[in-house]
Each structure stands twice: as structure tokens, then as C-alpha cells.
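Remarks on the structure that follows.
The values are calculated or read from the model by the stated rules, or taken from the named source; none is laboratory data. Quick caveat, the model's predicted, so the values are computed rather than measured. Glycine also receives a Cβ, built like all others from the backbone with ideal geometry; neighbour counts cover every protein chain displayed. The accessibility values were calculated without ligands, DNA or RNA, using every heavy atom of the protein model including side chains. Shrake-Rupley method; radii C 1.70, N 1.55, O 1.52, S 1.80 Å.
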Amino acid sequence: MRYALISDIHANLPALRAVLRDIAGRPIDVTYHLGDLVGYAPWPNETVALLAEAGVPGISGNYDSTVGTNYKHCGCKYEDPRQEEQSHLSFEWTKAHTSAEVKRHLAALPFRLDLKPLGGHATGPTVILVHGTPTLNTLYWTEDRPDSFCLKMAELAGAKPGDVIAFGHTHKPWHREVSGILFVNTGSVGRPKDGDWRAGYVILDVETTARVEIVRVEYDVEEAMRGIRASALPADFAEYLRTGGK
Ligand SMILES: [Fe+2]
């Protein structure tokens, strides 16, 4: 079974289109999203509509659950006061421009999905999809987290050797195996933070052992930048896309 795992699209419609096109050109069995469909770019409703049209199921990110429930903040982490102010503007803009129907959809997304690549009738690996961690969608699971953190999360998730836990939220892709469990951060489709502007996603190939490929796709970043500048979203978000968060 070959999965495409796409996360943190953040309403960047040009990036999502390019990634879905790339996936369509490969031998992928099924695509799942790992949440954070909206926020930071001006196409929240269109992003949700395109995923529905493409038949891509998935789980709830912190941005989805907080916009969907009209919560007071997005549960995001800020590095400085300017970022905090802009993040707040983005959240308010997104709540104001996401339709009631799309909000209901966002609020109804599941927190976690378990996949059985060999079928639920056979023993074999489980692929667990969460947005941040198995306990909270707001907790950042960065590459520098120690092995002990990964194993704690695996225990909380009920994962065993041979299983895979995939997540996003940090917008920086990485993967490593600890005690036979594969941990995969899928990176971000619409707002990478690793200095590479291209849209990112992961192909997970699960046979008897799992293999990860991190994919980067060029897209029309100028179109996304124009869309941001034409909206009331902070113009800095456009530059952020061009530099990959640097
Ligand atoms: Fe995100």
C-alpha cells in the first residue's frame, strides 16, 4: 500500500493543486490529509472543497478544530510579539471568511485515523495519523525531541514495533525509527518552515517494512502571494511563502 500524506495546507490553494497533480502522476493507492486545512492564506473554503472533490479524507489540525468551534485562539506557538499579532489577525480573518458549512466540516474531522495496510483481518502494521501528537493537536513534535519522547507518544498511542505514527504541525519534515516504530513528520503543503518554499508531502510505502519518501513540489507561489496581498491578511505572509519561513 502506497499512501500520500499531505498536511498543513493552510488554505494555500495553488500549493494544494500542485501537490494533488503530482500525486495523480504517481502510483499512489490513497491520499490522506493530516489537518490544518485553513489559516494564513485566502482560500479556506476552496481548499476544503477541493479536498472533498478529490476524495481526500483526513484528520483535524489545531487550526481546524479552533476555527470550527470559533475558539478564542488557534493554539499556535509564536516566536515574537509581531508573529503573535499577525497570527491573531490570520485567525480572526479565517474565522470571518470560513463559511458556516465549512466550519461544521472542520469541527467534525476526526482527531486520529488508524490505517491497516494489510487489512484489518490480518496481523500487520498499523499506520496512525495524528496532527500534532496522539494526545494534543497543538503540541510540536520536532526532530530534536529525544527518543524517549517518541517512545512515550508511541505508548500513549498504543503503537507497537512495526507500526508507523505520522504527524505534521511543525511544518518541517523528518523521520526516524526508534525501537522498531517509524515516526514520520510529513512537513507542510502550504506553509513550509524549513527554508524550502516548495510544497511538501510524504509518500509512505508499507509492505512488510515501511519506507518514507519526502517529496517537494514546485507550485505557483506568485499566485499564492498575490492572493494574500489582495486580501486583508498580513502582507508578510506572502514573503514567508517565498522564503520557506526563513
Ligand atoms: Fe500548521
Find how much the distance from residue 121 to residue 149 grows on full extension, using 0.36 nm per residue of separation minus their present alpha carbon separation; answer in nm with one decimal. 7.0 nm
Check residue 61: other-chain or 5+ apart residues with amide H under 5 Å from its amide H, H built from backbone geometry? 36, 37
Please report, in debye to the nearest 20, how large the charge dipole of the chain is about its Cα centre when each Lys and Arg carries +1 at its beta carbon and each Asp and Glu carries -1 there. 220
Under a point-charge model restricted to the Cβ atoms of Lys and Arg (+1) and Asp and Glu (-1), what is the dipole moment magnitude of region 153-246 relative to its Cα centre, in debye to the nearest 20? 260
Per DSSP, loop GluC sites (Glu not before Pro) in region 167-243 with at most 15 further Cβ within 10 Å: 207, 218
Would you be so kind as to identify which of 120, 138, 164 lies farthest towards the positive end of the dipole of region 107-246, taking Lys and Arg as +1 and Asp and Glu as -1 on Cβ and the Cα centre as origin? 138
Can you run phi through the Karplus equation (6.51, -1.76, 1.60; θ = phi - 60°) for region 105-116 and list ³J(HN,Hα) in whole Hz, with x for Gly and Pro? 5, 4, 5, 8, 5, x, 6, 8, 10, 10, 10, 10
Could you tell me what % of all Cα pairs in the chain have separations over 31 Å? 18
Expected unfolding gain across residue 21-residue 222 under the 0.36 nm per residue rule, minus the alpha-carbon gap, is 70.6 nm
Excluding residues fewer than 8 positions from residue 152 in its own chain, the lysines with Cα under 29 Å of it are 77, 116, 160, 172, 193
Kindly report the accessible area of the chain per residue (heavy atoms of protein chains, probe 1.4 Å, no ligands, DNA or RNA), in Å². 43
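Given the DSSP H assignment, sum -39500 (n - 2.57) over each helix run of at least 4 residues in the chain and divide by its residue total; what's the result at 222 nm in deg cm²/dmol, nearest 500? Show your work: numbers first, answer last.
Details: 8 runs with 85 residues, N = 246.
Calculated at 222 nm, the ellipticity per residue is -10500 deg cm²/dmol.
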What lysines does residue 72 reach when the alpha-carbon gap must be under 20 Å and sequence neighbours fewer than 8 apart in one chain are set aside? 95, 103
Surface share of carbon and sulfur [accessible, 1.4 angstrom probe, percent] for region 42-117: 53
A correct Stokes-Einstein calculation for region 144-246, using the alpha-carbon Kirkwood radius, 20 °C and 1.002 mPa s, returns a whole-number D in µm² s⁻¹ of 141
Using amide H atoms built 1.01 Å from N in the peptide plane, name the residues 5+ places from residue 178, or on other chains, whose amide H lies under 5 Å from its own. 183
Comparing 48, 30, 212, which has the greatest mean-square fluctuation in the GNM of the chain with Cα pairs linked when under 10 Å apart? 30
